[in-house]
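Beneath this line is the structure, given in structure tokens, with notes to follow.
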Amino acid sequence: MEKNLFEISLCTLDNVAEKVKLDPNIHVILRQPERELTVAVPVRMDDGHVEVFTGYRVQHSSLRGPCKGGIRYHQDVTLDEIKALAMLMTLKCAVVDIPYGGAKGGVRCDPLKMSREEVIRLTRRYTVMIMPIIGGRRDIPAPDVNTSAETMGWIMDTVSMFQGHAVLDVVTGKPLDLGGSLGRNEATGRGVMISTIQLLKKLNRNPSDTTVAIQGYGNVGSIAAYLFADQGCKVVAVSDVTGGLYNPEGLDLESINEHCKISEHHFLKGYKKKGTEPISNEELLLLDVDVLVPAALENQITKENAPAVKAKYIVEGANGPTTAEADKILEEKGIIVVPDILANSGGVVVSYFEWVQGIQSFFWDLEQINSHLEKIMVKAFDAVWSLTQDKKESMRCASFMIALKRVSAAMRHRGIFP
Ligand code: GLU
């Protein structure tokens, strides 16, 4: 059986630790999260009965600053998954060098089967249950799978009610009129585009000769698709849980977005246009394209399908979409993988801008935000790229190397308490 995401992340950590000769006393600390909280979240459902959902908040590291990371609502959430994602957040914040540690939260529930009122009650109760460990200086949640700016608004309000004043810095990814930041909603997709364009530059490739397939048409995938098209790339396929769309001549993203505005749960299902054929998620991953962007969930590219992947480059919009075995197969095939902790870091980078703006009560314009984002991402990408050239390592390995160097330097300077 293939390893779960936590085992995969530990494997990568152990391999890279060996390569960089990481101090074993630091390595042993990083293999575990600092703190794991499991909570029971009772919710009165609309029909009057009570359901108890399981929620988690895991803080992997607070070495470099407050713990940081999203909250997801999904029926398959497990503690091991949240532990892995928390560790990836520590490394993500370190690779782009923003002053945060890593955390992640999740509630095991299917929000698509719940009413809006039920989701609000779930969110507020979960917030209170994790309130002892979150806060603007301790641990700052943000949106993730199936959560949004609206969810962050409910969390912010719940915390504010308890504190007796508006608490802006407790979450990021808030609605714009509640201390949110311009550009935050688009930031992860924009970061995926920036890192892809940077890769194409390094390889002397022209965006207008580049075809792209994107798995996942949520906040990351749909925005990346639009920004890719804006750069002149040809987006030939997109998909979501209801299936995918394929047009070798390039999809008409405008009409797809019009469709999603009014479709159930904003799904692609039901979209029709001449020249555009339906394809499955599995088929999308195997398309003969230049760039494949898995922007849905983890464990999508596995040892089963990796041998058949035809894309030249994979840019990980999702966290953990490639299993360890698949990673090895892709490397042998010469496919370049821009890893999650680098490729999808745009979201947390603009979360950082939002937090800074909230603390200073001074808000920046969109141009400033996008240009700071680009600067940070290009710098991180270039550092990773030159390490891959020097050391002949994969981009995942090089990203982990840079991140671990920063985290271990922080630990050396702080020492081990007491
Ligand atoms: N959930 C996003 C991620 O996985 C954003 C986290 C954040 O902004 O704190 O990177």
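Derivation of every value follows stated rules applied to the coordinates shown; laboratory data play no part. All values reported here derive from a predicted model rather than from experimental measurement. With ideal geometry, Cβ positions are generated from the backbone for all residues, glycine too; neighbour counts draw on all protein chains shown.
Observations
- When the trypsin sites (Lys or Arg not before Pro) in segment 1-102 are filtered for DSSP coil states and for at most 16 other beta-carbon atoms within 10 Å of their beta-carbon, the remaining sites are Lys3, Lys21, Arg31.
- Under the shape rule built on the C-alpha gyration tensor, where the axes satisfy a ≥ b ≥ c, segment 259-384 is oblate, since a/c reaches at least 1.5 while a/b does not exceed b/c.
- Take every DSSP beta bridge whose two residues both sit in the chain; close to 50 percent of them are antiparallel.
- As a rough footprinting exposure proxy, the listed residues Ser115, Ser408 were ranked by other beta carbons within 10 Å of their own, and the order from fewest upward is Ser115, Ser408.
- Cα centroid of segment 63-130 to Cα centroid of segment 10-30, whole Å: 25 Å
- Legend: residue pairs Lys202/Lys379; Lys92/Lys261; Lys328/Lys392; Lys83/Lys391; Lys201/Lys312; Lys312/Lys392, Cα-Cα distance threshold 23 Å; pairs beyond threshold, Lys92/Lys261; Lys83/Lys391.
- For Cys233, nonlocal amide neighbours, meaning residues 5 or more places apart or on other chains whose placed amide H falls under 5 Å from its own, do not occur.
- Span-like helix ranges in the chain, DSSP H, alpha carbon extent 15 angstrom or more, Kyte mean at least -1.0: 5-19, 79-95, 116-130, 149-163, 184-202, 219-230, 346-360, 366-391, 395-414
- Think of segment 240-337 as having a plus end and a minus end, set by charges on the Cβ of Lys, Arg, Asp and Glu; of Gly334, Gly243, Asn319, Gly243 sits farthest toward the positive end of this dipole.
- Averaging the Cα positions of each part gives two centres, and for segment 132-154 and segment 196-262 these lie 28 Å apart.
- Residue-averaged [θ]222 nm for the chain, counting only DSSP H segments that reach four residues, each worth -39500 (n - 2.57): -14500 deg cm²/dmol
- Within-11-Å neighbourhood charge of Val95 [Cβ basis; K, R +1; D, E -1]: +3
- Between the residues Pro207, Leu178, Val192, the greatest Cα displacement towards the positive end of the dipole of segment 144-233, with unit charges on the Cβ of Lys, Arg, Asp and Glu, is found for Pro207.
- Kirkwood hydrodynamic radius over Cα pairs of segment 53-159, then Stokes diffusion coefficient at 37 °C and 0.692 mPa s, in µm²/s: 241 µm²/s
- In segment 139-291, Cα pairs under 8 Å separated by at least six residues give a relative contact order of 17 percent.
- Cα-Cα pairs of segment 180-289 separated by more than 20 Å (percent): 38 percent
- Charge tally around Cys233: other residues with Cβ under 15 Å, Lys/Arg +1 each, Asp/Glu -1 each, net 0.
- Within straight-line reach of Lys274, meaning a Cα separation under 12 Å, sit the following aspartates and glutamates at least 8 residues removed in sequence or on another chain: Glu249, Asp252.
- Length-normalised contact order of segment 221-355 in % [C-alpha pairs under 8 Å, at least 6 apart]: 17 percent
- Segment 277-338: GluC sites (Glu not before Pro) falling in loop per DSSP and having at most 16 other Cβ within 10 Å: Glu304
- Sorted largest first, the spans of the alpha carbon positions of the chain along the three principal axes are 56, 55, 47 Å.
- Electrostatic tally near Gly70: other residues with Cβ closer than 15 Å to its Cβ, Lys and Arg +1, Asp and Glu -1, net +1.
- Overall form of segment 98-191 per C-alpha gyration tensor (a/c, 1.5; a/b vs b/c): rounded
- Length-normalised contact order for the chain - Cα pairs under 8 Å, 6+ apart - percent: 17 percent
- Unit charges at the beta carbon, dipole of the chain: most positive-side option, Ser160, Val95, Gly216: Val95
- Here Lys303 is the anchor, and the aspartates and glutamates within straight C-alpha reach of less than 15 Å, apart from those fewer than 8 places off in the same chain, are Glu2, Glu282, Glu325, Asp327, Glu331, Glu332.
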